[in-house]
Amino acid sequence: MKSIKVILFSFLLLAATTASAQYTQDNPKVEYMFKLEAGFLHNVGNYGSPKNDPSSTNTKETGYNLNAWEEAMGLNIINGINISQDFFLGLGLGYDFCAPMRPVHLDKSSHMANVFIDMDFRPVGDTWAPMVGARLGGSMLLNPNNYGTTMSPYIELYGGLNWFYDHALQQMNRNYHSLYVEAGVLFVQQTVFIPIRVGWRL
């Protein structure tokens, strides 16, 4: 419970910083940007096994092997800067709720807290713009398991499409608000997911 409170407080702290970030330059080289995204993570494969399993090959305790049918839903909050409008670099916090979905067993759920560096490239100039990006960081499994509370690498590659929805601001002197959809490949807690997310930049 204490860990969940810390994560919720961190989310609120990140969200609160958006109110204090104000930029008035006409064409800034560096500007603040906030990203909020949510999505579904499809489990495509998991590796390793709990340490107390006699067949385990995971002797370094580098994460937890999630259940084979454990899908996930997640939320990310990311604060960062745009550089020359097209490049974004930020620090993100994420929470993923994982549970078997075939059939549904919410009582056997797992909870992951993630911290990562987010980098993406999004060319500015059209109403629709492609994007590519990567995330690198760490993940902590919050619920008890055969490892205890464990950390693992968080590695993600993704691509997507942005929609600049405010047509009155299409001169693109600055990075105005946009909605986007993204999909990629994520490796975390010895499990490979295909995340599909929708997001909002502001």
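The values are calculated or read from the model by the stated rules, or taken from the named source; none is laboratory data. No experiment lies behind these values; they were computed from the predicted model shown. Don't worry about glycine lacking a Cβ; one is built from the backbone with ideal geometry, like all the others, and counts go over all protein chains shown.
Mind checking which residues of the stretch 120-146 are modelled with pLDDT of 75 or more and of a type in the set (A, V, I, L, M, F, W, C)?
Phe121, Trp128, Ala129, Met131, Val132, Ala134, Leu136, Met140, Leu141, Leu142
Within the bounds of the stretch 178-185, is there any residue that is at pLDDT below 95 and buried (at least 19 other Cβ atoms within 10 Å of the Cβ)?
Yes: one or more hits.
Which of the residues that make up the stretch 91-135 are buried (at least 17 other Cβ atoms within 10 Å of the Cβ) and of a type in the set (Val, Ile, Thr)?
Within the stretch 91-135, just Val124 meets the criteria.
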